[in-house]
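Following: one structure in structure tokens, then a few remarks.
Here, each number is a calculation from the coordinates, and none is a lab measurement. Values in this document were obtained by computation on a predicted structure and should not be read as measured data. For neighbour counting, all protein chains shown are included, and Cβ atoms are generated from backbone atoms with ideal geometry for every residue, glycine included.
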Amino acid sequence: MALAVSVSWLIEQRQLGLVVLAGASELDRRIEWVHSIELADPALWLRGGELLLTTGLHLPADDAGQRQYVDSLHLAGVAALGFGIGLSHIRVPDAMLIAADAVGLPLLQVPLPTPFIAVSRAVTERIAEQQYEGVTRASRLQPKMTRAALHGGPRAVVNELAIATGGRVLLLGDDNAVAAAHPRAARQLAAEVVSDLRLDTRTPGGAEPAALASADPDRVVTGQRLQVGRRLHGHLVLVTAGPPTPIDHLLLGHAASLVCLEQEKPLRLRETQNRFNEMVTGLLLDRTLTGDQAAEQLRIAGLTVRDGFVVLAVGSPDARLTLTALDQALLVRDRPCIGAVSDGHAVVLLPAEPAALADDLIDAVTRMNPAMVVHGGRATAAGQDDVADSAGLTITAARVAALRGVPLVDVESIAGQALIAAPAVRSAFRELAEQRLRPLAQCDLTNDSDLVRTLRAFLEHNGHWEAASTALGIHRHTLHNRVDRIEAMLGVDLESAHVRAELLLCLLTWR
């Protein structure tokens, strides 16, 4: 709502000598600005809300024309008509007075000694005073609102905004659920507000504007979108009996900023903790950090390792995006995200309980990104020393899940798992793997080839050429050439089931 003065206020300025001749029942009309014009038909030059001043210089001489003049001003939304007497007219024509009373348009007589500029100056100076008063009021209320945010969070901000504006305020989450309201009865307006503003739960960053508004005869609803970057926190909504003032808009914007800051603080802290967690997890996965060295850091991050935990590996076209989606799913469940990207998979460490958490996370990530196919592997680790070994197994299980077309595969369900579960047997296979696979690894390191991954894919796909080449994203003939080279370097025949079994076990246990 624009700043304005009422017609009654202007009449009260006795030094102007204004007299109400018609439309006395409508003196609460608001004058937004003053316009002096002597056209016979000024309606085209008006926007509404004006006090129009005229001496009637080009006023139609006949009664019908004078009534039409008044009617056109009324239809244009003029707040009041000021008629200056003593120049072209000694008195205001009766036809104009009758017409003004008929439509409820205040008609004021302006005496000859009062220049139009004096009337205009009185209105503009009062509006300027209101602007100053509004700025002063806002300067008092904004720090108060900020202090409320520091001590009471978003709920306190909602309370202060409602008190400052005299309206009803609702804080809606990104799912449009009511997070806070003042007064409490305002909660009952939630469904109507969501409908009025056409709020939805679309992906943040959509076309919905930051500021929204809706009006009907009973109320005006003004909403502010709470968004930081592409992260949507919800909406802050102000419900008022009439159009909100510029100061109301200013306070709503300030309150929205404070709520966004309060909502972002824990997320920023979580992002910092996640980066630290990712560093620790990555060091564990590549065995740079020992389990004992990591135990305290895992405990601080929120993972109890004393009773064991679960390692979940999730494969997808974009491992980094998947890790972010896992973090969002864990945040909703009030769990820390302790994970890193390894070998093209998002690997996270989860508490042993609840047992179904891994299944829930796979489902949640799938719902967040319906177009992205994900597949996971799960293993139980006895302690922090088993993280690297368990991660390797879960990545293999995730690849098996992709091959089987299922969302999640437990490591225990993979053939050969029982054989390598014992530490002594695993150690023996690891030593064998160092001897058998080192030529391939050395070649990959020197020539930037991909022989180790090729061998893994070929074995995991049971020697099926088409499936293995598809998984690697290479032509079948290229796969044949690589397998021939692997057989030559290792001196083996991959047609032999015994050879394939031995090499697969080596890959499962190799660092």
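At 37 °C and 0.692 mPa s, grab the translational diffusion coefficient of the chain from Stokes-Einstein with a Kirkwood Rh over Cα pairs, rounded to a whole number in µm² per second. Each step should come with its number before you reach the end.
Numbers: Rh = 29.4 Å.
Answer from the Stokes-Einstein relation: 111 µm²/s.
What three numbers, in Å, describe the spread of the alpha carbons of segment 423-509 along their principal axes, ordered from the longest?
Over segment 423-509, Cα extents along the principal axes are 39, 28, 21 Å.
Just round it to a whole percent: the fraction of Cα-Cα distances in segment 5-114 exceeding 26 Å. Could the numbers behind the result be given before it?
On the way: 403 of 5995 pairs.
Percentage above 26 Å: 7.
Whose amide H sits under 5 Å from the amide H of Ile85, counting only residues 5 or more places off or on another chain, with H placed in the peptide plane?
Val110, Leu112
Roughly how big is the chain's charge dipole about its Cα centre, with Cβ charges of +1 (Lys, Arg) and -1 (Asp, Glu), in debye to the nearest 20? Could the numbers behind the result be given before it?
On the way: 47 positive and 58 negative charges, 168 e Å.
Computed charge dipole of the chain: roughly 800 debye.
Could you check the spin-label model distance between Glu487 and Ser72? Points 7 Å from the Cα along Cα→Cβ, value in nm.
9.9
At 7 Å along Cα-to-Cβ for each site, give me the label-to-label distance between Val228 and Ala215 in nm.
Distance between the two pseudo-spin positions: 3.4 nm.
Subtract the Cα-Cα distance of Lys265 and Ser25 from 0.36 nm times their separation in residues, and report this length gain in nm to one decimal.
Numbers: separation 240, 0.36 × 240 = 86.40 nm, distance 5.42 nm.
Net length gain for the segment: 81.0 nm.
What percent do you get for the relative contact order of segment 214-290 when only Cα pairs under 8 Å and 6+ apart count?
Working: 58 pairs, mean separation 17.3, N = 77.
Once divided by the residue count of segment 214-290, the mean separation gives 22 percent.
Find the relative contact order for the chain and round it to a whole percent, using C-alpha pairs within less than 8 Å whose residues are 6+ positions apart.
Numbers: 828 pairs, mean separation 42.5, N = 511.
This gives 8 percent for the chain.
Using mean Cβ contacts within 10 Å as the protection proxy, how do 468-480, 234-246, 329-341 order, highest first? Mind showing how you got there, number by number?
Numbers: 468-480: 15.2, 234-246: 20.3, 329-341: 18.7.
Taking the mean over residues of other Cβ atoms within 10 Å, the ranking is 234-246, 329-341, 468-480.
Regarding segment 290-414, what's the average projected area of the Cα-atom convex hull, expressed in nm²? Don't jump to the answer; show the numbers that get you there.
On the way: hull surface 27.4 nm².
It is 6.9 nm².
Within a 10 angstrom radius of the beta carbon, how do Ile37, Ile486 rank from fewest other beta carbons to most?
On the way: Ile37 13, Ile486 20.
Lowest to highest Cβ neighbour count: Ile37, Ile486.
Taking a ≥ b ≥ c as the square roots of the eigenvalues of the Cα gyration tensor of segment 257-327, is the shape rounded (a/c under 1.5), prolate (a/b larger than b/c) or oblate?
The shape class here is oblate.
For labels at Ala352 and Asp175 in the simple 7 Å Cα→Cβ model, what's the distance in nm?
Label at Ala352, label at Asp175, 3.1 nm between them.
Tell me, His35, His233, His151 in order of fewest to most beta-carbon neighbours within 10 Å? Walk me through the numbers before you get to the answer.
Values: His35 17, His233 23, His151 8.
So the residues, fewest neighbours to most, are His151, His35, His233.
For segment 112-270, compute Rg over Rh where Rg is the Cα radius of gyration and Rh is the Kirkwood radius from the inverse mean 1/r over Cα pairs.
On the way: Rg = 18.1 Å, Rh = 16.8 Å.
My calculation of the ratio gives 1.08.
What FRET efficiency do you get for Ser427 and Asp448 if R0 is 30 Å and r is their Cβ-Cβ distance, rounded to the nearest 0.05? It would help to have the intermediate numbers written out before the result.
Numbers: r = 31 Å, r/R0 = 1.03.
My answer for the efficiency is 0.45.
Based on alpha-carbon positions alone, could you give the equivalent ellipsoid semi-axes of segment 101-205 from the gyration tensor, as √(5λ), descending, whole Å?
On the way: eigenvalues 351, 94, 32 Å².
Result for segment 101-205: semi-axes of 42, 22, 13 Å.
Sorting Thr281, Thr446 on the 10 Å Cβ count, fewest up front, what's the list? Show your work: numbers first, answer last.
Values: Thr281 26, Thr446 8.
Ranked by crowding around the Cβ, least crowded first: Thr446, Thr281.
Assuming 0.36 nm per residue, please report the length gained on full extension of the stretch Thr288 to Glu12 beyond their Cα-Cα distance.
Values: separation 276, 0.36 × 276 = 99.36 nm, distance 8.39 nm.
Length gained, Thr288 through Glu12: 91.0 nm.
To the nearest 500 deg cm²/dmol, what mean residue ellipticity at 222 nm is calculated for the chain from DSSP H runs of n ≥ 4 alone, each contributing -39,500 (n - 2.57), summed and divided by the residues?
Dividing the helical sum by the residues of the chain leaves -16500 deg cm²/dmol.
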